[in-house]
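Worksheet for the structure shown next.
Values quoted throughout were computed directly from the atomic coordinates according to the rules given, and no laboratory measurement underlies them. From a predicted model like this one, the values you see are computed outputs, not experimental measurements. FYI the Cβ positions are ideal-geometry reconstructions off the backbone, even for glycines, and counts take in every protein chain you see.
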Amino acid sequence: MKLLVIEDDVRMAGLLRRGLALEGWAVDVVGDAVDARHAVLSTPYDAVVCDVGLPGPESGLDWCRWLRREDIWTPVLMLTARSDVRDRIEGLDCGADDYLGKPFAFGELAARLRALLRRGETERPTVLTNGDLVLDPASHQVHWAGHVVELSPRELALLDYFMRRPGDVLRRTEILDHVWDYAYDGTSNVVDVYVRYLRVRLSSAGAPDLIETVRGVGYRLKALG
Ligand code: CA
């Protein structure tokens, strides 16, 4: 098993290299995001340990987002400042698989890495795409061909549900169950109302009509290439 460690602090990098080598892993260490890009593009690693705080304009979180955009699904464990809850949430939202706050017990790091290595690479995009339509659940941003689509939280939740099932006919009751918190009665037209809002928002951003009405059943988001 081969690991990449991205850590600029020389002392911490040395500790990680020695400790992980003792676990029987081959370890490469780089000190910034640029070197880390070159490393993952030239070597297939089994897992990456990445510090959030890196020198230069790119943080560990930026680097991890780049990695997933490149369609590289190597497991990533983020090292964060223990006190910073925001870092931890962002760490997971940027496509990392796990995080550990500094300072940490080395045994815990090794155990978490073993768990990630068992899991291996699985594709789990953090951003939903359907043709030119892109929805980022972490930042709540939606774009059509680069144009911002302004959505209310409910409209966003509705589109999110459609985008996880492109091409499928979704029944009104199914949509109600997944997008609304409490049960409406079956005669409620709230789904129709929100689909109408969503169509208006999408067309304002220049999108064609992507949501088809399936008479008597519900709706379908056209699956784009
Ligand atoms: Ca650092």
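Tabulated values for the structure
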quantity	calculated
Computed E for Leu22/Ala138 - FRET, C-beta separation, R0 30 angstrom, nearest 0.05	0.25
Cα→Cβ-extended label distance, 7 Å offset, between Ile72 and Val214, nm	4.0
Per-selection Rg to Rh, segment 8-114 - Cα, Kirkwood hydrodynamic radius	0.92
Cut-off 17 Å (backbone N to label point 7 Å along Cα→Cβ of His178), residues of segment 128-168	128-131, 134-138, 154-168
Helix axis angle, 153-163 relative to the chain longest principal axis, alpha carbon, degrees	80
Value of [θ]222 nm, deg cm²/dmol, for the chain, DSSP H segments ≥ 4, -39500 (n - 2.57) each, nearest 500	-12000 deg cm²/dmol
Acute angle (nearest 10 degrees) that the helix 33-42 long axis makes with the longest principal axis of the chain, alpha-carbon atoms	90
Dipole magnitude of the chain, debye to nearest 20 (Cβ charges: Lys/Arg +1, Asp/Glu -1, about Cα centre)	460
Residue of Thr80, Thr213, Thr129 that the Gaussian network model of the chain assigns the largest fluctuation, springs spanning Cα pairs under 10 Å	Thr213
Shape category assigned to the chain from the gyration tensor of Cα positions, a/c cut at 1.5	prolate
Spacing of the two label points (7 Å from each Cα toward its C-beta) at Met12 and Tyr161, in nm	4.2
